[in-house]
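Q: Got a structure for you, questions after.
The values are calculated or read from the model by the stated rules, or taken from the named source; none is laboratory data. The structure presented is a predicted model; accordingly, all values stated were derived computationally and were not measured. Every residue, glycine among them, receives a Cβ derived from its backbone with ideal geometry; neighbour counts consider all protein chains shown. Surface accessibility is based on the protein's heavy atoms, side chains included, excluding ligands, DNA and RNA. Shrake-Rupley method; radii C 1.70, N 1.55, O 1.52, S 1.80 Å.
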Amino acid sequence: MNIFLKTAAARRSSSFYARDPYLSQRAIFSRLLSRAARTRFGRDHDFEGLLGLPFERAYRRYRENIPLRTYADFWNEYFAAGFRDENGRLSITLENVTWPGRVPFFCETSGTTAPTKFIPFSREMFAENRRAALELMACYLAGNKSSKLFGGKLLYMAGNTSLRDVGDGAKSGDMSAITLNNRPLYLRPFIAPDAKTSSLPWEEKIEHLAQLLLSGDTIRGISGVPPWILLLLKRCTEMSGRNAAELFPHLELIIHGGTSMKPYRGEFDRLFGSRQPAFLELIPSSEAFMAFQVVGEELMRFTPYYGVFFEFLPFEELDENGSPRPNATAVPLEEIELNRRYAVILSTCAGLWRYHIGDTLRFVSRNPLRIEFTGRDRFLDRFEEKVTQGEVEEAVATLNRIPGVEVREFLVGPHIAGRRHLWVLALRGGSNRDIATFADHLDKSLIGQNADYATFRSQGRIDGPEVITVNEELIYSWSKEIRGKLGGQSKIPHIDPTPDGEMIRSLVEFAGSAQRMASPSP
């Protein structure tokens, strides 16, 4: 690492570690109100009347004046009037509605638990996300002075990198597409792949990325979602006939986010053996940058510095659909309790106000602020058992600790008629497929983690789980053909978000149809 990078990384990381998160949140709160006071939303909620008040008074009135909102609420009240879809041509104009000026970008979410959303993404939000990314890298480089990361390139496993024109200069697309298409010139020599490869269909892109990885020691880091990184590394080992540790002695860092690493960590350990790269987790989203991991630390640090004012709603104040209950009370960062699970509420420099994002987390320390990401606030609850996504992912992690078992992806949902959970496990080829053992491990893991589930099982209110195994390629084919989503930021949902298990039934039916087609005719 050259002297310029060392000096810059040390300076940026020192600034990051020195910040006061609570004072930062107060400053961001005031700045957001001031910037948006003359927008339609600001006028509707009397932002002008909050300016100049001490934080405690301003925040109390802010919480009283503005209800918690979902995307549907914003759509119905503020966004829908700016959208036009005529003959398949989308036009979007939001100007001085919830944020000053005209919104230049819209992030199309992956739609894991809902139809596609168009999230406003301002130039301020772009600048704040870039600052977060630079500080993540600065902390890594300052903590790893022998790093050779920038002697090569970072492979960015983006989704669809094309942007569509939605009128008046505004662009819409995947957040990774917005990020890549607008990255500063000084970063371009350090980012792979090139624009042509990035724009390929997902299956072709994987082949080209594998060839790029195998072509030499250029790639020093990979950034992406854990299952897609595994898919890429597996393809490399198949093409070369060698293991990952031999193939990639120069691979120094894997940056991952978007879904929990827990179910996949065992396979990464097996892939690399004793020569593991560094792993850094982060929580980015279309709405906010929330946390990243500092090298040498096990848990992520919460990062309330990047244009977002955070509030936290106790998990028990969510209803059976994962939505805030009427009159639910959120608290600011300075009032959180350790080891309590919270749903995250955002007010952002892109014009979302007291927005219920759908992610949950738990603070485990105050100085520094360290968190555990506990998943989406969707949970298995059709029998009132309220099993969380974190508990589901830990249960699958117990399977991946069994020798010879490699669960690559999975989906769990309710089997209403059978009063049980239905698990579809997508396994790597050659993996053990003892479904009775799998069911027993999953059942015992949830009993140990969740008191309600344990009680319901002992009372016979829930029967033992049913397990179906499929090849990993099948679940990706289902996601592409039935959900219309594959690759990049489009994740396989781990908990069926549909009311009565429609999604998992579609996967089971898809698997059955594929099996019948593959079976020889009598």
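Q: What figure in square angstrom, to the nearest 10, would you give for the accessible area of Ser274 with a 1.4 Å probe?
A: We get 130 Å² for Ser274.
Q: Work out how much length Tyr186 to Ile402 would gain on full extension: take 0.36 nm times their residue separation and subtract the Cα-Cα distance, in nm to one decimal.
A: 73.2 nm
Q: Using helices alone, what [θ] at 222 nm do you get for the chain, with -39,500 (n - 2.57) per DSSP H run of 4 or more residues, divided over all residues and rounded to the nearest 500?
A: Helices in the chain give a 222 nm mean residue ellipticity of -10500 deg cm²/dmol.
Q: Let me ask something else. Separation between the Arg43 and Glu297 pseudo-spin-labels, each 7 Å from Cα along Cα→Cβ, expressed in nm?
A: Here the modelled spin labels are 4.4 nm apart.
Q: Continuing with the same structure: For a 25 Å ceiling on Cα separation, which of these pairs sit above it: Lys262/Lys485; Lys148/Lys262; Lys117/Lys196; Lys444/Lys485; Lys148/Lys171; Lys196/Lys491?
A: From the list (Lys262/Lys485; Lys148/Lys262; Lys117/Lys196; Lys444/Lys485; Lys148/Lys171; Lys196/Lys491), the Cα-Cα distance tops 25 Å for Lys148/Lys262; Lys117/Lys196; Lys444/Lys485; Lys148/Lys171.
Q: Given a 1.4 Å probe and heavy atoms of the protein chains only, how would you sort Arg57, Arg38, Arg301, largest accessible area at the top?
A: Arg38, Arg57, Arg301
Q: Can you tell me which of 43-54, 225-236 comes out highest on packing, and rank the rest after it, using the mean Cβ neighbours within 10 Å? Display every interim value, and only then the final one.
A: Details: 43-54: 14.8, 225-236: 21.7.
Peptide ranking by packing, descending: 225-236, 43-54.
Q: Report the charge-dipole magnitude of region 184-242 in Debye, nearest 20, computed about the Cα centre from +1 at each Lys and Arg Cβ and -1 at each Asp and Glu Cβ.
A: That gives a dipole near 140 debye.
Q: Of Glu316, Glu267, Glu128, which has the most accessible area and how do the rest follow, probe 1.4 Å?
A: Final ranking, largest accessible area leading: Glu316, Glu128, Glu267.
Q: Could I ask something else about it? Run the accessible area of the chain with a 1.4 Å probe and give the carbon-and-sulfur part as a rounded percent.
A: Its accessible area is 50 percent carbon and sulfur atoms.
Q: I would also like to ask the following. How big is the gap, in Å, between the Cα center of region 292-368 and the Cα center of region 74-142?
A: About 20 Å separates the Cα centre of region 292-368 from the one of region 74-142.
Q: Can you give the FRET efficiency to the nearest 0.05 for Arg270 and Gln515, using r as the Cβ-Cβ distance and R₀ = 41 Å? Can you show the working numbers first?
A: Numbers: r = 28 Å, r/R0 = 0.68.
Calculated value: 0.90.
Q: Return the ratio Rg/(2.2 N^0.38 Å) for region 84-209, where Rg is computed over Cα atoms only.
A: Relative to the 2.2 N^0.38 Å estimate, region 84-209 comes out at 1.22.
Q: Contour minus end-to-end for Ser162 and Asn327, with contour as 0.36 nm per residue of separation and end-to-end as the Cα-Cα distance?
A: Length gained between Ser162 and Asn327: 55.2 nm.
Q: If you place +1 on the Cβ of every Lys and Arg and -1 on the Cβ of every Asp and Glu, how big does the dipole about the Cα centre of the chain come out, in debye to the nearest 20?
A: Here the chain has a charge dipole of around 1580 debye.
Q: As a test question: what accessible area, to the nearest 10 Å², does Ser162 have when a 1.4 Å probe is rolled over all protein chains in place?
A: Here the residue's solvent-accessible area equals roughly 70 Å².
Q: Given a Förster radius of 51 Å and the C-beta distance between Lys145 and Leu51 as r, what FRET efficiency does 1/(1 + (r/R0)^6) yield to the nearest 0.05?
A: Here the calculated transfer efficiency is 0.65.
Q: At 7 Å along the Cα-to-beta-carbon direction for both Asn76 and Arg123, put a label point, then send me their distance in nm to one decimal.
A: 3.5
Q: So if each residue of separation counts as 0.36 nm, and I subtract the Cα-Cα distance between Glu203 and Leu5, what length gain in nm does that give?
A: 67.7 nm
Q: Can you pull the one-decimal nm distance between simple spin-label points at Leu134 and Glu335, each 7 Å off the Cα toward Cβ?
A: 3.5
Q: On to the next question. Accessible area per residue for region 229-350 in Å², computed with a 1.4 Å probe and the full protein assembly in place, what is it?
A: Each residue of region 229-350 exposes 33 Å² on average to a 1.4 Å probe.
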